[in-house]
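Trainee: Questions regarding the structure given below will be posed in turn.
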Amino acid sequence: LVREADEIESIADYCERLANYRRRLIREGGEFDAAALRDLQSYLDRTIALFADVVDRIRRNETGWMEAVATKGQYLATEADALRDANLQRLAAQRMQPTAGIFFNDMLVAMRRIRNHALNLAEAHLGKK
């Protein structure tokens, strides 16, 4: 239970970081183009869905679900790599402000960490690690 609580606390910390990154971006006058914003929102939605899936399975006291959750997590990791590459391409083509590109990357990393902690929460609950 302590490890599960620690993973949930880490997820909350990264959620706070996301809010702070967005606040700082706005304060510094940066903005994402429509494609970058759509990419981040879509990835955040799927990251939240993964966490919600883990929590729902824990609440229902299901067993044998780690493989399905791990597969979703792997898909998210692969997608994050593609989003990082797309961000670098936008920056190279000067379709995004450098400051916005840095915040995009920081936010993407925070979402990846949320994904990692959601998977760790699943493992902790199932006694895998």
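The values are calculated or read from the model by the stated rules, or taken from the named source; none is laboratory data. Please read all numbers here as calculations on a predicted model, not as lab measurements. Cβ coordinates were reconstructed from backbone atoms using ideal geometry, including for glycine residues, and neighbour counts include every protein chain displayed. The accessibility values were calculated without ligands, DNA or RNA, using every heavy atom of the protein model including side chains. Shrake-Rupley method; radii C 1.70, N 1.55, O 1.52, S 1.80 Å.
Trainee: Which numbered condition in (1) modelled with pLDDT of 95 or more; (2) β-branched (Val, Ile, Thr); (3) surrounded by fewer than 19 Cβ atoms within 10 Å (Cβ to Cβ) is the only one that residue 54 fails?
Mentor: Going through the list (1) modelled with pLDDT of 95 or more; (2) β-branched (Val, Ile, Thr); (3) surrounded by fewer than 19 Cβ atoms within 10 Å (Cβ to Cβ), residue 54 breaks only (3).
Trainee: If you don't mind, there's one more thing I want to ask. With the checklist (1) outside any helix (DSSP H, G or I); (2) touching a Phe, Trp or Tyr at 6+ places or on another chain (Cβ under 6 Å) in hand, flag the one item residue 30 doesn't pass.
Mentor: So residue 30 meets the others, but not (2).
Trainee: State all residues of region 62-120 that are closer than 18 Å to residue 38 by Cα, more than 17 Å from the chain's Cα centre (by Cα) and aliphatic (A, V, I, L, M); if no residue qualifies, say none.
Mentor: Hits for region 62-120 are 88, 91, 96, 100.
Trainee: Please enumerate the residues belonging to region 57-94 that are open to solvent by 40 Å² or more (accessible area, probe 1.4 Å), touching a helix residue (DSSP H, G or I) at 6+ places or on another chain (Cβ under 8 Å) and of a type in the set (Lys, Arg).
Mentor: Correct list: 57, 72, 84.
Trainee: Among the residues that make up region 27-43, is at least one of them surrounded by 13 or more Cβ atoms within 10 Å (Cβ to Cβ) and under 27 Å from residue 124 (Cβ atoms)?
Mentor: Yes, the conditions are met somewhere in region 27-43.
Trainee: Let me ask something else. When you scan region 85-129, how many residues do you find that are closer than 15 Å to residue 22 by Cα and charged (D, E, K, R)?
Mentor: 1
Trainee: Okay, next question. Within region 9-34, can you find the residues that are of a type in the set (Gly, Ala, Ser) and farther than 15 Å from residue 103 by Cβ?
Mentor: Within region 9-34, 10, 12, 34 meet the criteria.
Trainee: Taking residue 122, is it under 25 Å from residue 2 (Cβ atoms) and open to solvent by less than 60 Å² (accessible area, probe 1.4 Å)?
Mentor: Considered against the rule, which asks whether it is under 25 Å from residue 2 (Cβ atoms) and open to solvent by less than 60 Å² (accessible area, probe 1.4 Å), residue 122 comes out as yes.
Trainee: Taking region 68-123 only, how many residues are without any contact (Cβ under 8 Å) to a residue 12 or more places away in the chain and in a loop (DSSP other than H, G, I, E, B)?
Mentor: 2
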